[in-house]
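K.L.:
Okay, here's the structure, questions in a sec.
We did not get these values from a lab; they are worked out from the coordinates using the rules stated. As the structure is a computational prediction, the values presented were derived from the model and not from experiment. Backbone-built Cβ (ideal geometry, glycine too); neighbour counts: all protein chains shown.
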Amino acid sequence: MNSLILLMLLPIIGSIAVAVTPKTKEVLTKQVALGTTVVVALATIAMAVNFQRDNVELQFVEKYSWIPTFGINFAVGIDGLALVLILMSTILAPIVVLAGWNEAHGGRWSVKTFYILILVLETMMIGVFVATDVFLFYVIFEAMLIPVYFLIGGYGSGERSAAAVKFLIYSLFGGLLMLASIIALYVMSGAQGGHTFDLQALSQLQMSSTTQNFLFLGFFIAFAIKAPLWPLHTWLPDAAASATPGTSVLLLGVLDKVGTFGMIRYCLTLFPEASKTFTPLIMVLAVISIVYGAILAIGQKDLKRLIAFTSISHFGFITMGIFAMTSQGHSGATLYMFNHGFSTAALFIVGGWMIARRGSSTIADFGGLQRVTPVMAWSFFLAGMSSLALPGLSSFVSEFLVLVGTFTRYPVHAVIATFGIVLAALYILIPVQKALHGPTTPGNEGLSDLNLREKIAIAPVIAIIIALGFYPSPLLNVINPASAHVIAQMGFTDPAPTNGDK
Amino acid sequence: MDAANYLYLSVLLFTIGAVGVVVRRNAIVVFMCVELMLNAANLAFVTFSRINGDLNGQVVAFFTMVVAACEVVVGLAIIVTIYRSRRSASVDDASLLKR
Amino acid sequence: MTTSNSLVYLIALPLLGATILLLAGRRADKWGHILGTLMSGSSFAVGLYQLSQMLGRSNTARPVEQKLFEWISVGSFKVDAGLLLDQLSICFVLLITGVGTLIHIYSISYMSHDHDRRRFFAYLNLFIAAMLLLVLGNSYLNLYVGWEGVGLASYLLIGFWNQKPAYATASKKAFVMNRVGDMGLSFAIMIAFATVGTVSFAGIKEHAHHTSTAALTAMGIMLLVAATGKSAQFPLQAWLGDAMAGPTPVSALIHAATMVTAGVYLITRSNFIFDAAPTAQLLVVIVGAITLLFGALIGTAKDDIKKALAASTMSQIGYMILGAGLGPVGYAFAIMHLLTHGFFKAGMFLGAGSVMHGMNDEVNMRKYGALRKFMPITFVTFGLGYLAILGVPPFAGFYSKDMIIETAFNAGGIKGILLGSVTLLGAGITAFYMTRVMILTFTGKARWDEEAHPHESPLLMWLPMAILAIGSVSSGYLLSRGDALVNWLSPLFEHHGEHEELLAPIVVSALALGMVAIGVAIAFLKYSRQEVASVAPENVSVFTKIAREDLMQDRFNEAVFMRPGQQLTQVLVKTDEAVIDGAVRGVGKLAMGSSSLLRGVQSGFVRSYAALIFVGAALLIAAIWVVVQ
């Protein structure tokens, strides 16, 4: 099956099926949702097999007129970058459904509603990466907020309403800035050969450098909020701490990637000159994010907030790799997006199980879990090792590529960022010690280890983390041509070996 | 006699009416003050009609009178209704809109 | 270069063992230890096979390669998963798998009462695999994988009994300090790629001669940082003492014989960098010299037998690092000392384990004494190791350590005299603290706790000790006979003109033996002639107190890094909530505040609305009037 639009329709069909399941049969509802996500994942993998990896042009292109008055099309197509992210999203979806089998209970609304929201969100997750019409992209970019808002506000814990509102308003604010830029682009396109929202056509626009800078900022701030870049990050810990673990996985694993994806797809393509102008500033913000996120993660007492802050650090790495403008940095950043999805998913999923069993997300409430629940403890440990980029696990490849790629052009930034790996050891090992090691804290003796469903849910994540650590080539082969294409379009070439200027 | 004097009188009547609207509480009095303001405006229209030598101002004055008559009907009805329900003709007692 | 398809089995076998044991869980409890030992043993067999193949080829054709697959390839950054076995790595392969297998055998008995013995063997196999990858990788990035892999295995094994909070903390400390070193390795790899465009050993070696000294020096210093972390050298030495929290076989294998010597391997492997970067080389020597005294001084004051041996390890690795820093003449001697040390130190650690096994896991030497009669085999094997580390001829240390001392003296000028004196002094202190360990443990009066029933360890434990003891006796002679090891390794290192000899070898040996004799004599006077208190005396000199505190290393780290770091973290957490999130919430409050202000205008009073209308109309008229005017 090679139609992206059909792929987008699949979860919608699934959500309709979920909607007609009888309210009393919750298990059936869950099974339908799981089945749908599995089918979508398989369909995506089938598409990936048919993807021509050496072709840098958009593939699987489809285009239907949507609002002809304004020249808006329902236009889709993918390159290597988008393919990797869609793969990540659709593989994560069934894992999230299976891992959070009981998450929907205790929510404000029914179990059915929960899965309808998840499936609608999956459609949008695919759509946001495949859209090649800027207006379509914007609509999905904003519409994604709605299911997530209800997932956090309706099924979360703690101050879920406040967190959901904060998330919504923060994201809307960025989205509106982007809308202003999009309208400006549309108006300018009218003066230069006809009104259009087509990404390809818009990238050919002529504009003054001042205009470019302002429009770039409109897009960039929206993306910097999404992929939380310091200092626009404060919504993330609150949202992640309040959301259910499954929602957090989708939020940090997929939705936030829209930010870094947008930086590559929209900021660099539409505004190459402005991107160069702002690169020094962005690189500094990225490095601050890396170190700042790591230090704050060390200082957290709540497990979910800790994971959220580690992600801020990781997103700093991704942004740094993107703007280093070397093929290693760029490919590394894209691979990082994929790997981060799985390592954070593992942390949140296993962390979520721990929290659900213990009834508390405070790290100090755990202790000695390795003796009580060895499989769960090992899963958490492996997820943590992946988060601190242990060589042999997938994150190492991407993190090292980002560092090496950055070093060849920005040695100082790379050196400071590398200190992050020591901080990473601390922010993972401290909770590992507090939660898994030491004597078993009273009240934890009776905790149950992972059951079969949970083992099946976490196994593919861990398998991917390990397999891609040793053999990342299948992904890199898809990513490399796309990255090289962007770098070449920007007019950059990799720095040649200097031999120390001898 | 200078036509401007009629305008001065009109301004004076309008101001008295406006002050009355603002400072008085009794709905009937406020209502009468509004009437006073309307008639001050009528006077100004008629005066301008005279100064300009056409009938436009006088026509508008008739319109105003019709509107004022309607207003009296509707307004008094409201006041009476409020008095029935709240046992008071004070406009301040009818400050329910802010909630 | 010759290729071989069997190199991968060296790593794959123990890795397979670890995977099976970890995945099988409790089901493997019955046979886990046997599988682990078999896997390690078969890896050793593959190593022997490779050695026999290698011996059959001419000296320059000995290295073999195996390319497994393309690991990472982005732009010009290409790294293959490739293995390289040459004269240097075969030494390590045999040491790791050989000593490793012996320690597996020892652990079968040592850990037999432990509920989690299977998991212990899984970790041991994981360690063997990672360590082999470290020495077999054909590029710095492949080495890096093994480098952190052994760090992980070390973390898991130090924290094997992590239900005790102190042990869990010790494992975390080791991992974090190692990561600081790993950062150095990252930097070195980045510099290599940016300046030379490749990260493979062969590639960098090829380009080294037309790369600037500054770049090579930077690379060298960063490699040295990596080595200090892994090999517990100054200033990243503080984790090794705490690492003794792990079970004793772990201390023998990882924290004495193999992993901690990885730094020496790294420097020797990077000889083409250090030879071209004299400043970096000088720093290597300085680090080695400082550490060898540092470790020796700590060793004099430790009452915990394992910590005394750990301090000794630190000091002995200081010798190796110093040797490796002396350039082409020193590499082979550093490796030789590394190999002999692998035998005698592993043997002594196993001996310590044997003693603990018989003494209810008591580690305080002040509660030992007179164990010679009760543990004759342990005493003999430990004693042979003791003679070896002292450098008494013809035991192993005599050949390897004297060579380093001699090379140090011959380094030339003041540097040579200084280094030579430091190594001599170190030899003296070593003799003192090792004699102290011997006396406190095996001779004198029994100072045991009441429930102690010392007994000799079973066959599975003493057999490995005996084999290692044979190594402690003979390895030095075998390796140096006819310069066997030096010639074996010589194709790998570039040779320069011979250094002039400051002192003749016989003089150096005489001086060294003299120092050793002094050290032994002082120890005898202090511990054999006088009663040893079973509780450490408090009224001791300030120097002893400082030495007991590991020369203040932990206090320094706590005061300079840990506490300011914790404070910074706390401050940033508060700042994030108050300032950054405060600003965000401030915007929200501003909107709410201004709207509640404006709401006041909507009072609901008709009259105030009317007044506002009048005011507004008046203002409007005034404005129009102003504009018209």
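K.L.:
Just from its helices, what would the mean residue ellipticity at 222 nm be for chain A, if runs of 4 or more DSSP H residues each count -39500 (n - 2.57) and the sum is divided by every residue, rounded to the nearest 500 deg cm²/dmol? Mind showing how you got there, number by number?
P.N.:
Details: 21 runs with 353 residues, N = 502.
My calculation for chain A gives -23500 deg cm²/dmol from helical runs alone.
K.L.:
Within 10 Å, at most 11 other Cβ atoms, and a DSSP state outside H, G, I, E, B define an exposed site. Report the longest part of chain C free of exposed GluC sites (Glu not before Pro).
P.N.:
Working: sites that count: C:GLU450, C:GLU451, C:GLU498, C:GLU500, C:GLU531, C:GLU538.
Formally, the longest exposed-site-free interval is C:1-449.
K.L.:
Dipole of the protein assembly as shown (Lys/Arg Cβ +1, Asp/Glu Cβ -1, origin at the Cα centre): which of A:LEU199, C:ALA257, C:THR195 lies farthest to the positive side?
P.N.:
Among A:LEU199, C:ALA257, C:THR195, the one farthest towards the positive end of the dipole of the protein assembly as shown is C:ALA257.
K.L.:
Could you work out [θ]222 nm for chain C from helices alone, using -39500 (n - 2.57) per DSSP H run of at least four and dividing by all its residues? Round to the nearest 500 deg cm²/dmol. All intermediate terms of the calculation are to be shown ahead of the outcome.
P.N.:
Details: 26 runs with 432 residues, N = 629.
Mean residue ellipticity, 222 nm, calculated: -23000 deg cm²/dmol.
K.L.:
Test of understanding: given chain C, find the longest segment containing no trypsin sites (Lys or Arg not before Pro) that are in a DSSP loop and have at most 16 other Cβ atoms within 10 Å. Working shown, then result.
P.N.:
On the way: sites that count: C:LYS30, C:ARG57, C:LYS373, C:LYS445, C:ARG529.
Here the longest segment lacking exposed loop sites spans C:58-372.
K.L.:
I've got another one for you. Run the simple label-point estimate for C:VAL542 and A:MET490 please: 7 Å along Cα→C-beta, distance reported in nm.
P.N.:
Once both label points are built, they end up 5.9 nm from each other.
K.L.:
Just need the Rg to Rh number for the protein assembly as shown, please, alpha carbons only, Kirkwood Rh.
P.N.:
For the protein assembly as shown, the value is 1.13.
K.L.:
Further question on the same structure: Which of A:HIS105, A:HIS233, C:HIS337 comes first, and how do the rest follow, when ranked by fewest Cβ neighbours within 10 Å?
P.N.:
A:HIS105, A:HIS233, C:HIS337
K.L.:
For the charge dipole of chain C, defined by +1 on Lys and Arg C-beta atoms and -1 on Asp and Glu C-beta atoms about the Cα centroid, which residue among C:VAL74, C:ALA504, C:GLN629 has the Cα displaced farthest towards the positive pole?
P.N.:
Working it through, the farthest residue towards the positive pole turns out to be C:GLN629.
K.L.:
For segment C:492-629, what value does the Rg/Rh ratio take when both radii are computed over Cα atoms and Rh is the Kirkwood radius, given to two decimals? Provide the component values of the computation, followed by the final result.
P.N.:
Numbers: Rg = 42.7 Å, Rh = 26.5 Å.
Rg/Rh: 1.61.
K.L.:
Here's another thing I want to ask about it. ³J(HN,Hα) across segment C:621-628 via Karplus (A = 6.51, B = -1.76, C = 1.60, θ = phi - 60°), whole Hz, x for Gly/Pro?
P.N.:
Taking θ as phi minus 60°, the curve returns 4, 4, 5, 4, 4, 4, 5, 4 Hz for segment C:621-628.
K.L.:
What is the diffusion coefficient of segment C:432-540 in µm²/s, taking the Kirkwood radius over Cα pairs and the Stokes-Einstein relation at 10 °C with a viscosity of 1.306 mPa s? Mind dumping the intermediate values first?
P.N.:
Values: Rh = 18.9 Å.
Here the translational diffusion coefficient equals 84 µm²/s.
K.L.:
Taking 35 Å as R0, compute the FRET efficiency from the Cβ-Cβ separation of C:SER594 and B:ILE28 and round it to 0.05.
P.N.:
Once rounded, the FRET efficiency stands at 0.35.
K.L.:
How do A:TRP230, A:TRP109 rank when sorted from fewest to most other Cβ atoms within 10 Å of their own Cβ?
P.N.:
Numbers: A:TRP230 25, A:TRP109 13.
Ordered from fewest to most neighbouring Cβ atoms within 10 Å, A:TRP230, A:TRP109 come out as A:TRP109, A:TRP230.
K.L.:
Okay, next question. Take the Cα atoms of chain B, find their three principal axes, and give me the spread along each one in whole Å, biggest first.
P.N.:
For chain B, the Cα extents along the three principal axes come out at 50, 24, 22 Å.
K.L.:
Quick one: which residues, 5+ away or cross-chain, put their amide H under 5 Å from the amide H of C:GLY137? H built at 1.01 Å from N.
P.N.:
C:LEU84
K.L.:
With +1 on each Lys and Arg Cβ and -1 on each Asp and Glu Cβ, and nothing else charged, work out how big the dipole of chain A is about its Cα centre, in Debye to the nearest 20.
P.N.:
On the way: 24 positive and 22 negative charges, 182 e Å.
In total the dipole reaches around 880 debye.
K.L.:
List the equivalent ellipsoid semi-axes of chain C in whole Å, largest first, each obtained as the square root of 5λ for an eigenvalue λ of the Cα gyration tensor. Mind showing how you got there, number by number?
P.N.:
Numbers: eigenvalues 598, 207, 145 Å².
Equivalent-ellipsoid dimensions as semi-axes: 55, 32, 27 Å.
K.L.:
In addition: Mind listing the long-range amide H neighbours of C:LEU68? Cut-off is under 5 Å, sequence gap 5 or more, other chains count too, H placed in the peptide plane at 1.01 Å from N.
P.N.:
Here C:ALA81, C:GLY82, C:LEU83 satisfy the definition.
K.L.:
Now a separate question. Treating the beta-carbon of each Lys and Arg as +1 and of each Asp and Glu as -1, no other charges, what is the dipole magnitude of chain C about its Cα centre, to the nearest 20 debye?
P.N.:
Computed about the Cα centre, the dipole is about 1260 debye.
K.L.:
Across segment B:75-80, in residue order, what do the Karplus-derived ³J(HN,Hα) couplings come to in whole Hz, using 6.51 cos²θ - 1.76 cosθ + 1.60 with θ = phi - 60° and x for Gly and Pro?
P.N.:
Here the 3J(HN,Hα) series is x, 4, 4, 4, 4, 4 Hz.
K.L.:
Using the alpha carbons of segment C:277-539, what is the convex hull volume per residue in cubic angstrom, as a whole number? Walk me through the intermediate numbers first.
P.N.:
Details: hull volume 33.0 nm³, N = 263.
So the per-residue Cα hull volume is 125 Å³.
K.L.:
Where does the charge balance sit around C:LEU83 when Lys and Arg score +1, Asp and Glu -1, over other residues with C-beta under 10 Å from its C-beta?
P.N.:
-1
K.L.:
While we're here: So for chain A, what are the equivalent ellipsoid semi-axes in whole Å, largest first, each being the square root of 5 times an eigenvalue of the Cα gyration tensor?
P.N.:
Values: eigenvalues 239, 155, 82 Å².
After diagonalising the Cα gyration tensor, the semi-axes are 35, 28, 20 Å.
K.L.:
Report relative contact order for chain C in percent, whole number only (criteria: Cα-Cα under 8 Å, sequence separation at least 6). Please list the in-between numbers first.
P.N.:
On the way: 1016 pairs, mean separation 72.9, N = 629.
In percent, rounded to a whole number, it is 12.
K.L.:
Modelling each spin label as a point 7 Å along the Cα-to-Cβ direction, I'd like the C:ILE20/C:ALA166 distance in nm, to one decimal.
P.N.:
3.8 nm
K.L.:
Turning to a different aspect of this structure: Given +1 on the Cβ of Lys and Arg, -1 on the Cβ of Asp and Glu, and no further charges, what dipole in debye does the protein assembly as shown carry about its Cα centre, rounded to the nearest 20?
P.N.:
Values: 74 positive and 64 negative charges, 513 e Å.
The dipole of the protein assembly as shown has a size of about 2460 debye.
K.L.:
Here's another thing I want to ask about it. Could you line up A:PHE220, B:PHE62 from fewest to most neighbouring Cβ atoms inside 10 Å?
P.N.:
Numbers: A:PHE220 26, B:PHE62 11.
Exposure proxy ranking, most exposed first: B:PHE62, A:PHE220.
K.L.:
Tell me, rounded to the nearest percent, the portion of alpha carbon pairs in segment C:1-48 spaced more than 17 Å apart. Present the calculation step by step, with values, prior to reporting the outcome.
P.N.:
On the way: 428 of 1128 pairs.
Cα-Cα pairs in segment C:1-48 separated by more than 17 Å: 38 percent.
K.L.:
Then there is this: Using the Karplus curve 6.51 cos²θ - 1.76 cosθ + 1.60 with θ = phi - 60°, what ³J(HN,Hα) values do you get for each residue of segment C:125-135, in whole Hz, with x for Gly and Pro?
P.N.:
Whole-Hz 3J(HN,Hα) from phi for segment C:125-135: 5, 4, 4, 4, 4, 5, 5, 5, 4, 4, 8.
K.L.:
Excluding the sites themselves, what is the longest stretch of chain A that contains no GluC sites (Glu not before Pro) in a DSSP loop with at most 15 other C-beta atoms within 10 Å? Write down the numbers at each step before the final one.
P.N.:
Values: sites that count: A:GLU57, A:GLU159, A:GLU445.
By the stated rule (loop sites, at most 15 other Cβ atoms within 10 Å), A:160-444.
K.L.:
In segment A:273-307, which trypsin sites (Lys or Arg not before Pro) are in a loop and have at most 14 other Cβ atoms within 10 Å, using DSSP for the loop call? Walk me through the numbers before you get to the answer.
P.N.:
On the way: sites: A:LYS276, A:LYS301, A:LYS304, A:ARG305; in loops: A:LYS301.
Qualifying residues, ordered by number: A:LYS301.
K.L.:
So if the hydrodynamic radius of segment A:152-211 is defined as the Kirkwood radius over C-alpha pairs, what does Stokes-Einstein give as its diffusion coefficient at 20 °C and 1.002 mPa s, in µm² per second?
P.N.:
Values: Rh = 14.0 Å.
In µm²/s, the coefficient rounds to 153.
K.L.:
To the nearest 0.05, what FRET efficiency results for A:VAL61 and C:GLN567 with a Förster distance of 60 Å applied to their C-beta separation?
P.N.:
After rounding to 0.05, the efficiency reads 0.60.
K.L.:
OK, next. Specify which residue in the list A:VAL415, A:VAL27, A:SER208 is farthest towards the positive end of the charge dipole of chain A, using unit charges on the beta carbon of Lys, Arg (+1) and Asp, Glu (-1), about the Cα centre.
P.N.:
Of A:VAL415, A:VAL27, A:SER208, it is A:VAL27.
K.L.:
What FRET efficiency comes out for A:VAL49 versus C:SER73 if R0 is 22 angstrom and r is the Cβ-Cβ distance? Round to the nearest 0.05. Present the calculation step by step, with values, prior to reporting the outcome.
P.N.:
On the way: r = 21 Å, r/R0 = 0.96.
Approximately 0.55, to the nearest 0.05.
K.L.:
Let me know the volume per residue of the alpha-carbon convex hull for segment C:574-628, in Å³. Display every interim value, and only then the final one.
P.N.:
On the way: hull volume 5.1 nm³, N = 55.
That works out to 93 Å³ per residue.
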